[in-house]
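Data block below; observations after.
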Amino acid sequence: MGNRILVVQGHPDCTRAHLCHALAEAYAEGARAAGHAVEFVEPARLGLPLLASQEEWQHGAPPAGVPAVQEAITRAQHLVFFYPLWLGDMPAVLKGFLEQVARPGFALDPTPRNPLRAGLLAGRSARLVVTMGMPAPFYRWFYGAHSVRLMRRNILGFAGIGPVRSTIVGGVGTLDAAAVERWRSRMRRLGAQAR
């Protein structure tokens with residue numbers, strides 16, 4: 001029996017297809033062909049409001065749409081996030097989504113004995129697929145892959161998710177059709193492996 005995978009399409013523009021969408025579709029194709037169950041969530045379609053206070057995050061009622069996403073995360077054994085790098089980080093719509101979903105009581109123990117071990121989502125792995133205009137090695141070496149490290153350590157890792165692997169697709173403005181297809185083939189292979 002295959003794994004249960006949740007694909008989070010973090011591109012903020014859901015009005016037309018982008019490279020993130022093509023890569024996510026290829027990943028899902030490979031996963032389904034290998035017998036894995038795949039669910040999708042697209043934060044840009046949920047219209048979630050931004051949190052404005054710690055009180056709201058800790059004690060406010062999650063908006064409509066969040067409980068269904070939390071159920072999908074609960075079912076999942078592996079999470080895959082696709083997003084473009086915007087101003088050096090994930091788009092605001094994805095960050096806002098994560099803040100709404102990863103609330104105390106779901107992703108984090110509200111009263112942990114050890115705050116460094118407050119995560120409630122252990123037993124799940126994840127992959128980040130980040131697209132960007134700059135060359136991937138430059139992002140990793142010069143900028144230290146800041147957004148990837150933030151997601152790996154401060155968000156997913158803090159919630160107990162691990163290991164968190166990453167794929168960085170750089171130079172997207174110069175990719176021709178053959179290069180895009182090579183990336184799609186790579187995503188199909190990763191999907192088949194549920195990695």
Next on the checklist: I'd like to check something: does region 9-20 contain any residue that is in a strand (DSSP E or B), in contact with a Phe, Trp or Tyr (Cβ under 8 Å, 6 or more places away or on another chain) and at pLDDT 95 or above?
Outcome noted: yes
Next on the checklist: Quick check on region 139-151. Is at least one of its residues within 26 Å of Ala24 (Cα to Cα), of a type in the set (Phe, Trp, Tyr) and out of contact with any Leu (no Cβ under 9 Å at 6 or more places or on another chain)?
Outcome noted: yes
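Determine if region 92-109 includes at least one residue that is polar (S, T, N, Q) and surrounded by fewer than 21 Cβ atoms within 10 Å (Cβ to Cβ).
Filtering region 92-109 down to residues polar (S, T, N, Q) leaves 100.
Subsequent filtering for residues that are surrounded by fewer than 21 Cβ atoms within 10 Å (Cβ to Cβ) retains none.
Among the residues of region 92-109, not one is polar (S, T, N, Q) and surrounded by fewer than 21 Cβ atoms within 10 Å (Cβ to Cβ), which makes the answer no.
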Checklist entry - Mind checking which residues of region 35-57 are part of a loop (DSSP other than H, G, I, E, B) and either touching a strand residue (DSSP E or B) at 6+ places or on another chain (Cβ under 8 Å) or of a type in the set (Val, Ile, Thr) (or both)? => result His36, Glu42
Checklist entry - Which of the residues belonging to region 125-138 are farther than 12 Å from Leu87 by Cα and in contact (Cβ under 8 Å) with a residue 40 or more places away in the chain? => result Ser125, Ala126, Arg127, Leu128, Val129, Val130, Thr131
Checklist entry - Restricting attention to region 116-136, does a residue exist that is at pLDDT below 95, surrounded by fewer than 20 Cβ atoms within 10 Å (Cβ to Cβ), in a strand (DSSP E or B) and in contact with a Phe, Trp or Tyr (Cβ under 7 Å, 6 or more places away or on another chain)? => result yes
Next on the checklist: Given (1) under 24 Å from Gly47 (Cα atoms); (2) of a type in the set (Gly, Ala, Ser); (3) at pLDDT 95 or above, identify the lone condition not met by Gly88.
Outcome noted: (3)
Checklist entry - Within the bounds of region 139-156, is there any residue that is within 13 Å of the chain's Cα centre (by Cα), under 15 Å from Met90 (Cα atoms) and in a strand (DSSP E or B)? => result no
Next on the checklist: Criterion first (farther than 30 Å from Pro110 by Cα, loosely packed, with under 14 Cβ neighbours inside 10 Å and modelled with pLDDT of 95 or more) does Ala194 satisfy it?
Outcome noted: no
Checklist outcome for this item: Exception for Leu50 within (1) touching a residue at least 24 places away in the same chain (Cβ under 8 Å); (2) under 16 Å from the mean Cα position of the chain (by Cα) falls at (2)
Checklist entry - Checking Val69 against (1) buried (at least 16 other Cβ atoms within 10 Å of the Cβ); (2) touching a residue at least 40 places away in the same chain (Cβ under 8 Å); (3) under 23 Å from Gly157 (Cβ atoms); (4) of a type outside the set (Gly, Ala, Ser), which single condition isn't satisfied? => result (2)
Checklist entry - Got at least one residue in region 169-185 being among the aromatic types (Phe, Trp, Tyr), part of a loop (DSSP other than H, G, I, E, B) and either within 26 Å of Leu19 (Cα to Cα) or within 18 Å of the chain's Cα centre (by Cα) (or both)? => result no
Checklist outcome for this item: Filtering region 58-115 down to residues that are of a type in the set (Gly, Ala, Ser), in a loop (DSSP other than H, G, I, E, B) and within 13 Å of the chain's Cα centre (by Cα) yields Ala76, Ala102
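Within region 155-190, track down each residue that is in contact with a Pro (Cβ under 7 Å, 6 or more places away or on another chain) and buried (at least 17 other Cβ atoms within 10 Å of the Cβ).
Taking region 155-190 and keeping what is in contact with a Pro (Cβ under 7 Å, 6 or more places away or on another chain), we get 170-171.
Passing the criteria: only Gly170.
The values are calculated or read from the model by the stated rules, or taken from the named source; none is laboratory data. Small disclaimer: the values here were computed from a predicted structure and weren't measured. Heads up, the Cβs are rebuilt from the backbone with ideal geometry, glycines too, and the neighbour counts pull from every protein chain shown.
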